[in-house]
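These notes concern the structure reproduced below.
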Amino acid sequence: MRTLLWAWVLAAGLLAACSEQTSPDAGTDTGADASPPDVDWPLYGHDPGEMRYSALDEINQDNVGELGLAWSYELGSTRGVEATPIVVDGVMYVSAPWSIVHAIDAKSGAPVWTFDPEVNRQWGRWACCDVINRGVAVDGGRLFVGALDGRLIAVDRRTGDEIWSVQTTPTDKPYTITGAPRVAGGKVIIGNGGAEYGVRGYVSAYDVATGEMAWRFYTVPGNPEEPLEHPDLEIAMPTWSGGQWWEIGGGGTVWDSMAHDPDLGLIYVGVGNGSPWSRYIRSPGGGDNLFLASILAIDVETGRLKWHYQTVPGDNWDYTATQHIMLADLEMDGEVRKVLLQAPKNGFLYVIDRADGELLSATPYVAMNWASHVDIETGRPVEIVDGNYANEMKKVYPGPTGAHSWQPMSFSRRTNLLYVPAHDTGYWFSNDDDFEYNPAGGNLGMDFVATEEIWNADPPEYRGHLIAWDPIAKRPSWQKRFDGYFNGGLLSTAGGLLFQGKPDGSITAYRDSDGEVLWQTESTTGLFAPPVTYRIDGEQYVAIAAGMGGYEAVEYNPSRIINEYHNEGRVLVFKLGGTAPMPVSLKREQVLPDLPEQTASVDVIAEGKEHYRTYCGACHGPYAVSGLLVPDLRYLSPDKRTIFEYIVVDGAFRELGMPSFGDVLTKEDARAIHAYLLQRSYELKEELM
């Protein structure tokens, strides 16, 4: 799948060997008759501190209305697209579903090469939230990508040829990689996911040249009868008690956020939730369960812990701290402090001294009922009874989708405001008293049967908003409410603009000071990924990768474009005066076919529902309501009904991304699932009448 057009790119002068790498913040002209220097987007967050702010201002509040499409590029995908494009030396590198990387001429949109790591489609079974990839890292002539199946791969960024590959995870455990690697101190650093399936989290560093592992930091302790892998676990081990968390995995995966301070020599990583979610099952003897839901400051050279801060001791609600970590210098009380900013799932926005981990502030930025406040002296949240579901189900805010998910924030050096794509979401939590570890399925520790009826009668509220947060005043400067609850990542610029895409297909430029909409265009593809900007030959471009994905694409939401159009992944790039036509996705047309007679018993249908919930719902939607990234199974065609058990058990469609579940399901089980889906089809038929 490799199209080598690099010679053409060289001929076009985009990669002249004598060209000089421009600073991320370069934005000044070099003379009246000279084109201003090219400006890259070289890192995932633009700079090591991941501020996602650009000093470019050719596109600004006065002329943003003249933006038009410069070019578009089809990624050939229908699954989720969450990548941040990287732009270096006139070439854009963007990752797509199944960890496929595309190199594109950043000025014209012409393909340069495509690298397919050929991930076994069976591995998609372990991706809790779609087979997405959030991006790549570039260092010199090498490009690094984490593959869904746990490999870290170095690629020659000029040719697309593989240089080296290492398996960073055990191949007999349900680990995945969806996050972007980071390069720091001559090392490429990568985490992993899989906590919902029962794995033990860690983050690893590899030599950029050879792929040799330099260090590994486990985020939760293993079997207490075995030696500790590194001395920092001596802090964590006493905070776990009761149960056998090491057999379930423990969780604590580092699946997304990182930031780097080169001066301090520290890499900051966010740690995820426990496995299972419920601490009443995971660690029944109590304890904080370090380092779950924590921010870790790790020495890049040695891999040893400098400091840690736990946002949710003994995490009980899937309140990961894997959301965007950002580094900034803020004047506080007359002193410039080097701070770390994070707005994680739990609903508190944190300002922390990044040198020593001192908590400077923790302020609610959305509605919540699990804690009243954070004690600034101890740094601990003060939990309240509304969040305790040990003995009875509780409706808790935020829910496990959080007050803020993976979509990146942006901090503007122009306004000193932090822009957060936030949402109010709740969830009915109920402890599963009959929990049994399932090595082949989800291990959340939630009693979904108990909550189903009350969920339908009293659903939690869902709403999204964009918050411009003043971290000094500790309050919003302005905010905007949206119809849908998820909204996309952000980019701020010296032109006084804030860019964002949303699931409804819109791409918007706001005035950064008050949120007024200055420009907006519509596409037929939903957007979650954050925009980037760069300059080539004197022209500034704004680029965004489009394509719905993740959990929100499975859950039904009437405000998203995916309900109307197929989810065709693409890159959209804009410039002043752009005249390219906006690509249009195919219309989504689903017709319910004639249904066979339902002959299964009530008990068989109930059994099929339970199997569906355990193995199918993550991709095809809860209760088979809205599987839009993959087929909506209520609309099964007669021919697929005929071979349904061969698809589910024998893997007839494995190469298309539908894995085999033959290791955990029999054909009789598959027939029970089919009976449940047929029942859902009949219920849909009633709704449509």
- Message: Looking for something closer than 28 Å to Cys128 by Cα, surrounded by fewer than 17 Cβ atoms within 10 Å (Cβ to Cβ) and touching a residue at least 24 places away in the same chain (Cβ under 8 Å) - is there at least one such residue anywhere in the stretch 361-371?
- Response: yes
Item to complete: Determine, yes or no, whether Tyr350 is in a strand (DSSP E or B), under 22 Å from the mean Cα position of the chain (by Cα), assigned by TED's automatic domain parsing to the domain that holds Tyr268 and modelled with pLDDT of 95 or more.
Response: yes
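Out of curiosity, is Gly627 of a type in the set (Gly, Ala, Ser), under 24 Å from Ala440 (Cα atoms) and modelled with pLDDT of 85 or more? Don't jump to the end; show me each part of the working.
Values: of a type in the set (Gly, Ala, Ser): yes; under 24 Å from Ala440 (Cα atoms): yes; modelled with pLDDT of 85 or more: no.
No.
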Pairs returned, first residue in the stretch 426-439 that is free of Cβ contacts under 8 Å to residues at least 40 places away in the same chain, second residue that is of a type in the set (Lys, Arg), beta-carbon separation under 9 angstrom, 6 or more apart or interchain, are Gly426/Lys395; Trp428/Lys394; Trp428/Lys395
Here, strands (runs of 3 or more DSSP E) confined to the stretch 77-145 with at least 1 residues that are among the acidic types (Asp, Glu) and over 17 Å from the mean Cα position of the chain (by Cα) are 100-105, 137-139
Condition set part of a loop (DSSP other than H, G, I, E, B) and of a type in the set (Val, Ile, Thr), scope the stretch 567-603, selection farthest from Glu82 (Cα to Cα): answer is Thr599
The condition of being of a type in the set (Gly, Ala, Ser) and surrounded by fewer than 23 Cβ atoms within 10 Å (Cβ to Cβ) holds, among Gly141, Gly80, Gly135, only for Gly141
Taking the stretch 183-225 and keeping residues among the polar types (S, T, N, Q) and assigned to a strand (DSSP E or B) leaves Ser204
* Can you spot a residue in the stretch 317-335 that is over 19 Å from Pro181 (Cα atoms), free of Cβ contacts under 8 Å to residues at least 60 places away in the same chain and not acidic (Asp, Glu)? -> yes
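Have a look at Pro313, Pro284, Pro276 and point out the one that is out of contact with any strand residue (DSSP E or B) (no Cβ under 7 Å at 6 or more places or on another chain), buried (at least 24 other Cβ atoms within 10 Å of the Cβ) and on the phi < 0 side of the Ramachandran plot. Before you say what the answer is, go through the steps one by one.
On the way: Pro313 fails: buried (at least 24 other Cβ atoms within 10 Å of the Cβ); Pro284 fails: buried (at least 24 other Cβ atoms within 10 Å of the Cβ).
The conditions single out Pro276.
Tell me yes or no: at least one residue of the stretch 222-236 is in contact with a helix residue (DSSP H, G or I) (Cβ under 8 Å, 6 or more places away or on another chain), buried (at least 19 other Cβ atoms within 10 Å of the Cβ) and in the same structural domain as Arg157 (by TED's automatic domain parsing). Full working, then the answer.
Step one: list which residues in the stretch 222-236 are in contact with a helix residue (DSSP H, G or I) (Cβ under 8 Å, 6 or more places away or on another chain), which gives 222-224, 228.
Now drop any that are not buried (at least 19 other Cβ atoms within 10 Å of the Cβ), which leaves none.
No, the stretch 222-236 has no match at all.
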Being of a type in the set (Gly, Ala, Ser), modelled with pLDDT of 95 or more and in the same structural domain as His260 (by TED's automatic domain parsing) narrows Gly65, Gly45 down to just Gly65
Inside the stretch 631-689, the number of residues satisfying the requirement of being in a helix (DSSP H, G or I), surrounded by 16 or more Cβ atoms within 10 Å (Cβ to Cβ) and among the hydrophobic types (A, V, I, L, M, F, W, C) is 11
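The values are calculated or read from the model by the stated rules, or taken from the named source; none is laboratory data. Bear in mind that the values here come from a model prediction, so they are computed numbers and not experimental data. Cβ sites come from the backbone with ideal geometry, for glycine too, and all protein chains shown count toward neighbours.
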